[in-house]
Amino acid sequence: MGYILNIETATKNCSVALAKEGKTIFYKEIAEEGYSHAERLHVFIEEIIKEAAIVLKDLSAIAVSQGPGSYTGLRIGVSAAKGLCYALDIPLIAVDTLQALASQVTISNGLIIPMIDARRMEVYSAIFTPNFEKKREVLAEIITENSFDDLEGTLYFVGDSAEKCKLVLTKGNCVFLEDIKYPSAKEMCALSYEKFKINDTVDVAYFEPYYLKDFLVTAPKK
């Protein structure tokens, strides 16, 4: 079994992890306001490969965070992943960004709701059980005081939307784990390995990130 390189660029966190049989052995990441993914990503990849004392040809697959998230961030990550897959002739694995975010939570009861900030009071969210099984598919939704009223038990919210959402979601069963803000390539490692074992890969030529919403181009202010 070779290595899987995991790439996460869907949010402000630019993150790369090298794994063997689902175990993270090296990782590098940085979360910056300026979205320095284009500058950091390839440097991180080169540094991790060097630190692991391997070469790119030792990789068995590339895994990339598929979204939802930042349009530009996703494009950078997917483009890098595709380029490596083409050059090395290895498979591409797509990992659900919100599942990777939810995987940072350890609970025995309740539900995990990872949320990625969109705009204003809108978020990209999904709902997972403590075993990280998806209970509700990904949505782009505007958060109100009545959001998630149909869910029972304790609701654990993670992601970079906590600061704005906790002002609205004030019910007693809402718990915000504010130290978990961004998805990380570290949590992708186990998920990508499970997909690798069952040959759950995507077409390198035709795969596109899961943007969830159309990319909007706005004219610059004069």
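Assorted remarks:
- Any hit, segment 28-37, residues being surrounded by 15 or more Cβ atoms within 10 Å (Cβ to Cβ), under 17 Å from C189 (Cβ atoms) and out of contact with any Ser or Thr (no Cβ under 6 Å at 6 or more places or on another chain): yes
- Inspection of segment 108-121 finds no residue satisfying the criterion of being at pLDDT below 95 and in a helix (DSSP H, G or I).
- Residue, nearest to I4 (Cα to Cα), within segment 55-75, restricted to residues that are more than 17 Å from the chain's Cα centre (by Cα) and surrounded by fewer than 17 Cβ atoms within 10 Å (Cβ to Cβ): S60
- Residue match in segment 31-42 (condition: without any contact (Cβ under 8 Å) to a residue 60 or more places away in the chain, farther than 26 Å from V158 by Cα and in contact with a strand residue (DSSP E or B) (Cβ under 6 Å, 6 or more places away or on another chain)): no
- In segment 88-113, the residues that are without any contact (Cβ under 8 Å) to a residue 60 or more places away in the chain and within 14 Å of the chain's Cα centre (by Cα): A102, I113
- Selection from segment 76-93 of residues that are out of contact with any helix residue (DSSP H, G or I) (no Cβ under 6 Å at 6 or more places or on another chain) and buried (at least 22 other Cβ atoms within 10 Å of the Cβ): G77, V78, A81, C85
The values are calculated or read from the model by the stated rules, or taken from the named source; none is laboratory data. This is a predicted model, so every value here is computed, not measured. Neighbour counts are summed over all protein chains in view; Cβ atoms, including those assigned to glycine, are modelled from backbone coordinates with ideal geometry.
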